[in-house]
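First the structure, in the form of structure tokens, and then the observations on it.
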Amino acid sequence: MFKNMIFYRISEAWQPDLVALDTALAKQQFEQCGATQEKSTGWVPPRGEEHGAMVESVGGHWILRLMSESKMLPASVLNRKLDEKLAHIEAQEGRKPGKKEKQELKDECKLDLLPMAFTKQGGLWIWIDPQARLLVLDTSSQGRADEVITMLVEASPGFAVALIDTQNSPQGAMSAWLHSYDAPAGFSIDRECELKGTDEAKAVVRYGRHPLGIDEVREHIDQGKLPTKLALTWDDRVSFVLTEDLKLKKVALLDVVMEGASEDGGFDADVAIATGEFSQLIPDLIQALGGEGRTELGQLPDRGNKPAAAALEGAAAPVKPISLGAVGKPFDASGKPGGMQTGPKSAPVDQDPDSSPF
């Protein structure tokens, strides 16, 4: 169900109300693009049943699904249509349109072509754990994540989130694990990683289906290259690729998880299995990274005495606060909007937007 993950902590000020959220999302239902509409985004029933609930609760875990449709209009087709119009004006009127007129003509061409354009649809899963105050989005694109959160904020009064921060940066932790080839308890290092240089050359070394406990990897780290991706397995049950900005890609439940599960278990079984595993994986991963970096949302804890940091000395990169993204104001100590901002003002640039399911 979830192939990618971005984690958020939900403010304590938000009061979960399943019925109210379902009603609000029903007002933002997905509709297909109109004839001249480039993109349409809205909520659909997670079970795939017509007129079904917009929020499904399974074992106390809420599941939502956002659908997006966009018109595919190749730039080459649009430019060819524009060139035809420009050539016609030049031949009929003996003049070349200026910059402003060219843009107006290009917009006209787009409106002419959009009704004939093919459409592309994609869905995105959202998981809310009200008890753990956890929000998980099935995407690796920060831009798409911000779009989802903006819609949730509009639909649910008081809803506010912040990207989960950890005491030790994922990049620094991955450096230490690779250098010693010793993953934290409960995790094992797999056969895929990416190392990137910090100098002007920005050299990149990628390993795929390759043992990583070799001197060559350690030498790259000693020379200043830092991991941006590392494949890990948790408890022999879930495999994933951890990124430098605490996102998970290529998430997969392993065979041992599916043993005994019915092949036609249906939606409830799929949700129960996935949330049951991920509810344990996420806290273990956060703990492996030194615990959460905020004791309360909007505040950074005392970083003075951290045993975990000593293990990363020499290989760890400086701890970098994670952007709050376009999710509204940071939280104060009470969990309400306002207070100290702990991340950069803008969201990080998407490194691999094509891997997102929508």
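The values are calculated or read from the model by the stated rules, or taken from the named source; none is laboratory data. All values reported here derive from a predicted model rather than from experimental measurement. Methodologically, a virtual Cβ is constructed for each residue, glycine included, from the backbone with ideal geometry; neighbour enumeration extends over all protein chains shown. Ligands, DNA and RNA are stripped out before the accessible areas are found, and what is left, the full protein with its side chains, is counted by its heavy atoms. Shrake-Rupley method; radii C 1.70, N 1.55, O 1.52, S 1.80 Å.
List of remarks:
- Qualifying position, being in contact with a helix residue (DSSP H, G or I) (Cβ under 8 Å, 6 or more places away or on another chain), among the hydroxyl-bearing types (Ser, Thr, Tyr) and under 30 Å from Glu259 (Cα atoms), among Thr243, Thr166: Thr243
- For the range 242-286, filtering for residues that are part of a loop (DSSP other than H, G, I, E, B) and either within 17 Å of Ile126 (Cβ to Cβ) or not hydrophobic (A, V, I, L, M, F, W, C) (or both) leaves 8.
- Residue in the range 44-64 that is more than 30 Å from Ala272 (Cα to Cα) and out of contact with any strand residue (DSSP E or B) (no Cβ under 6 Å at 6 or more places or on another chain) present: no
- Residue under evaluation Ser76, criteria (1) open to solvent by 40 Å² or more (accessible area, probe 1.4 Å); (2) within 30 Å of Lys229 (Cα to Cα); (3) small (Gly, Ala, Ser), criterion not met: (2)
- Which listed residue is buried (at least 16 other Cβ atoms within 10 Å of the Cβ), touching a Phe, Trp or Tyr at 6+ places or on another chain (Cβ under 8 Å) and under 17 Å from Cys193 (Cβ atoms), from Val238, Val251: Val251
- All of Glu194, Glu154 fail the test of being farther than 30 Å from Gln223 by Cα and of a type in the set (Asp, Glu), apart from Glu154.
- A single member of Ala155, Ala203 is aliphatic (A, V, I, L, M), in contact with a strand residue (DSSP E or B) (Cβ under 9 Å, 6 or more places away or on another chain), over 30 Å from Val77 (Cβ atoms) and open to solvent by 40 Å² or more (accessible area, probe 1.4 Å), and it is Ala203.
- So Ala288, is it within 28 Å of Asn168 (Cβ to Cβ), surrounded by 15 or more Cβ atoms within 10 Å (Cβ to Cβ), of a type outside the set (Val, Ile, Thr) and touching a residue at least 60 places away in the same chain (Cβ under 8 Å): yes
- Applying the criterion of being farther than 26 Å from Arg133 by Cα and of a type in the set (D, E, K, R) to the residues of the range 16-45, the residue that is surrounded by the most Cβ atoms within 10 Å (Cβ to Cβ) is Glu38.
- Residue check, Thr228 among the polar types (S, T, N, Q) and either farther than 11 Å from Asp190 by Cβ or touching a Gly at 6+ places or on another chain (Cβ under 7 Å) (or both): yes
- Per-region count, the range 96-128, residues open to solvent by less than 20 Å² (accessible area, probe 1.4 Å) and part of a strand (DSSP E or B): 6
- Residue match in the range 19-30 (condition: within 29 Å of Ala117 (Cβ to Cβ) and of a type in the set (Asp, Glu)): no
- Candidate set from the range 129-152 (those that are within 20 Å of the chain's Cα centre (by Cα) and open to solvent by 50 Å² or more (accessible area, probe 1.4 Å)); member that is farthest from Ser70 (Cα to Cα): Thr150
- Qualifying positions in the range 240-251 - under 11 Å from Asn4 (Cβ atoms) and of a type outside the set (Lys, Arg): Phe240, Val241, Thr243, Leu248, Val251
- Residue match in the range 161-169 (condition: over 30 Å from Gly213 (Cα atoms), outside any strand (DSSP E or B) and not small (Gly, Ala, Ser)): no
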